[in-house]
Amino acid sequence: MNTDMPNDILKRVPNDIPKGVPNDIPRPVTDSTTRQTRPHRFTALFRYTFILVLLLLAKTVIPGWRYHVPEPGHQHDNHLSHRLTTAEREKLFLSIPNPESALAASRAYATHPHLAGSIEDFEDAKVLLQLFQTEFGISAPSSIPVFPAGSSESRNLTLLLTTSDAPSQPTAWIDIYYPVMNTPLDRSLQILGSQGETIWAADLVEDGDPRDEEAHKYKDAVPTWHGLSCDGDVTGQLVYANYGLKEDYDELVSQGVNFTGKIVITRYGGIFRGLKVKGAEDLGAAGVLIYSDPRDDGFVTVKNGYAPYPAGPARNPTSVQRGSVQYLSLYPGDPTTPGYPAYENSDRTEGGNIPKIPSLPISWANAERLLEEIQDIYLGSDSYGRKRLSGKVSDTHVRLVNHVDTKVTPIWNTMASIPGHIKNEVVVIGCHRDAWVMGAADPTSGTVTLHEIIRGFGALLKKGWKPLRTIVFASWDAEEYGLIGSTEWGEDFPSWIAEHVVAYLNVDISVAGSRWTASASPSLAHIFKKAALDIPHPTIPGKTLWDTREDDGPYKGSIDGLSPLPAIDAEYLATYELTEKRRRALDTGILPLGSGSDFTVFLQRLGVASSDEGFAFTPSDAIYHYHSIYDSQRWQEVYADPGFHRHVAVARHMGLVGLRLIDSIILPLNTTQYALELDDYLDQVENVLPQLSISNKAVDFSPLRHSIKKLQIASFKLDKEKLKAEAKFKKILASLAPPGYRRKNQNQLWRRVRDWIKDLFGAEPPERALQHHDDWMRYLDIDIHNTGAGNELAGHSTEEIGHRPCLISELIKAAKRVSRTNKKLKAFERGFISEGGIKDREWYKHLGVAPGKWLGYGATTLPALTESLTIDKNVTLAQHEADRLVELFNTLARQTRP
């Protein structure tokens, strides 16, 4: 059947969109777009001295002058002398995200399709740009600041953020990348008779029930197909492969099933969809069909009496899960530019992470008919009660047609920055913007979270706040095709990110169910938990966000309250309970990160501590129609988050974590938690050995245990140094009391230096004279926010500062000590990066955690070592990987030790 894409929805943006910067757009200028130089020490000291002298002169000549300059477009309070304390900043930020604003934002973003690379996607990119400009007080230039990636304009906007030429005010822009993507042309699926005639044809559409207005309106806007799927027209017999796990394929092969030329039908779940296709392709299959099975819907099924959506919370039987079938665990991003950015003129490869056989996503309604051709898909149960696959092949043949238009397609990352006092430390906060259709949950709920955080930070800027560290916001594009926008940016600026980015906070699906879950680098686990304990439960008074980790959906009991409890598929329940058991066994309650969202390039290629969070689906929640037209605004308002309180809770939590990372003197990264968890990771590897019938003595893990212990000891010492460095720094600042010298002018000048430092750090001017040490400590309120202050005073003459060289020297030393400590904390995650990467998928370089080779989404800890046993079953390789980790951890221990 011909299902050409409607031109009004998926029309491509012309290739002649702006590729440069108009002459009237202000932009940073540099002689080189890639070279970053470190200023000579004397030059730096002279610059700091000059700036300080100007500041002091201004304060002397102009009574009441303050150094702070309001951001353009912001109307600040009249009392500019008051700078917000930590508590005041957090209170103000938390007051900004609210349900009314979140709901309005969701209705603006989630009521139209916005597929990556479409006109609607570009329009949304500009809407986000305008949001940054409005909230951050950025004057909109006469032409839209849209720059091709690789251009001097695009590169300068990122690279100069951490140099002496960095802008003093927030900036916002759009980067264009040029990946290869595809869109559907025509698709069909038929059961053929013995003479090749069509017996039955699948409709391959979602019904678009008019009770969901937007789903009805846009039901044909984005046809049901797999992004980056292979073009093809194939015919073959059907064989059922359950979830399409490696174990499922291995089981069928052991039964003698010959996959050559067959069309495999699998259900969604368990692993990333692309790996279901890869497993079939590796065995010689001709094509793959993937469907959503009600058995994976928990308690909320039509069989249990629940009405299908939109009449009720159960699955609409015509719903279809679109999605990319890229081989994510090999490498993400543009298939044709692995490891380097997709510029318009980039050299391109054929693409080694995309299928070579066609596939289609189908509905349960269509799958149910196809499974009738196989009849018995199971053959009893094994000794563990698990159903055994029958391996039966259909007598009839099925024809699968998937024609796609594959080409280089522009995408748009919308970026913004807020410069901090410390320019060379950056916190990145991001969410992707594109959706398969409207995506009320994926990703609009995340975009709403980002929207509310932006509003909150904008409110702080209007109050005169300048962050300690620089902030970069990102609205990524083309995540749905394979994390493309974020990956290309990461591959565009790898050295800059590795040197300067201290953490990446990601949000994708903020709300798709009742239970809040968080995944993060272990070093972020404690700050995540502390912030979650400080955020109220979105719906239950007296509880916190942390308590929502145990929340369930509303549909666990029987409908009438009298009937027996609803049935749930035994295999699904066993898998779910095993997952819950592992989650509850975690000491921190924070899961490790696998892949499937935009944190991947930051964590697993560049070694940046990262996170992801949101409210997830539970077996008793209304069914989340993932990547369907029914991931809609109506579904979100009626079932996922009535009142939009969960959206607000995620925004408050993520923003609060961000503020604490941005404005803490010592980075709140817990390396010791990380080092201790390594023992658990190795325990898991050792526990696998008996399951594989491998002797515990086959691999010598004792050197690895020893190296982990050395790393733990080094981290313990760093913990002590963190406390000492911060305490010393604060103590010196607290001692900046008037010296009491006889020369009045020197005293006045010294007080100006002292007050300037305190003002910069956020300390409010005292209302009375402060005579004692304790008075100064209370005055400063441990609210000192600039580790670079020592450098600001460096080089200033002894005469100018009132003959107190010892104190200033000590301040400089203390500031440098804090800076050294932060460098070690920032570098800890980098220490897991091995340039050799992981065997067979070298793009992934993090030897501590990676998406499992046959999982895609799920995390595998110590991945190279673990998979040398579980997949390769090679003890020689396992010993090599253990030795690699020993070398890595020993090096990291040396770098971590103070």
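The values are calculated or read from the model by the stated rules, or taken from the named source; none is laboratory data. Predicted, not measured: the structure shown is a model, and the values here were computed from it. For neighbour counting, all protein chains shown are included, and Cβ atoms are generated from backbone atoms with ideal geometry for every residue, glycine included. The area values use the complete protein model at the heavy-atom level, side chains included, leaving out ligands, DNA and RNA. Shrake-Rupley method; radii C 1.70, N 1.55, O 1.52, S 1.80 Å.
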Determine, for each peptide in 495-508, 446-459, 178-191, the mean count of other beta carbons within 10 angstrom over its residues, then list the peptides with the highest first. 446-459, 495-508, 178-191
How much length would be gained if the chain were fully extended between GLU842 and ASP233, taking 0.36 nm per residue of separation minus their Cα-Cα distance, in nm to one decimal? 216.0 nm
Would you kindly derive the ³J(HN,Hα) couplings of the range 807-820 from the backbone phi angles with the Karplus curve 6.51 cos²θ - 1.76 cosθ + 1.60 (θ = phi - 60°), listing them in order in whole Hz, with x for Gly and Pro? 5, 5, 4, 5, 5, 4, 4, 5, 5, 5, 5, 4, 4, 4
With θ set to phi - 60°, apply the Karplus curve 6.51 cos²θ - 1.76 cosθ + 1.60 along the range 826-831 and write out the HN-Hα couplings as whole Hz, x wherever there is a Gly or Pro. 5, 7, 4, 5, 4, x
Pseudo-spin-label distance ARG295 to GLU350, built 7 Å along Cα→Cβ, given in nm, is 3.7
In the range 181-407, with Lys and Arg counted as +1 and Asp and Glu as -1 at Cβ, which of these residues, ILE263, THR349, ILE199, has the Cα nearest the positive end of the dipole, that is, farthest along it? ILE263
Surrounding charge for SER319, neighbours by C-beta under 10 angstrom, Lys/Arg +1, Asp/Glu -1, total -2
Each label point is 7 Å from the Cα along the Cα-to-Cβ direction; what then is the distance between the points at LYS813 and LEU573, in nm? 6.8
Can you list the lysines whose alpha carbon is less than 20 Å from that of LYS392, not counting same-chain residues fewer than 8 positions off? LYS246, LYS262, LYS276
FRET efficiency, 1/(1 + (r/R0)^6) with R0 30 Å, evaluated for ARG705 and ASP872 via beta carbons: 0.85
For LYS530 and ASP186, what does the FRET efficiency come to when R0 = 51 Å and r is the distance between their Cβ atoms, rounded to the nearest 0.05? 0.40
From the phi of every residue in the range 669-681, what ³J(HN,Hα) in whole Hz does the Karplus formula 6.51 cos²θ - 1.76 cosθ + 1.60 yield, where θ is phi - 60° and glycine or proline is x? 9, 9, 5, 5, 4, 4, 4, 5, 5, 4, 4, 5, 4
Can you give me the Rg/Rh ratio for the range 181-407, using Cα atoms for both radii and the Kirkwood formula for Rh? 0.98
Ignoring ligands, DNA and RNA, what percent of the 1.4 Å accessible area of the range 181-407 is carbon and sulfur? 49
Give me the number: length gained by fully extending SER164 to ASP405, i.e. 0.36 nm times residue separation minus the C-alpha to C-alpha distance, one decimal in nm. 82.2 nm
Which net charge results for the neighbourhood of ASN890, defined as the other residues with beta-carbon distances under 14 angstrom from its beta-carbon, given Lys and Arg at +1 and Asp and Glu at -1? +4
Could you order the peptides 663-673, 811-821, 612-622 from most to least packed, using the average number of other C-beta atoms within 10 Å per residue? 612-622, 663-673, 811-821
If the cut-off is 13 Å between C-alpha atoms, which aspartates and glutamates fall inside it for LYS407, apart from same-chain ones fewer than 8 positions away? ASP231, ASP334, GLU344, GLU350
Under 22 Å from LYS816, Cα to Cα: lysines that are on another chain or at least 8 residues apart: LYS423, LYS466, LYS717, LYS720, LYS722, LYS724, LYS728, LYS730, LYS731, LYS758, LYS824, LYS826
Express in nm, to one decimal, how much length is gained between GLN255 and ASP683 on full extension, taking 0.36 nm for each residue of separation and deducting their alpha carbon distance. 150.8 nm
Only four residue types carry charge here, +1 at the Cβ of Lys and Arg and -1 at the Cβ of Asp and Glu. Report the dipole size of the range 181-407 about the Cα centre in Debye, rounded to the nearest 20. 420
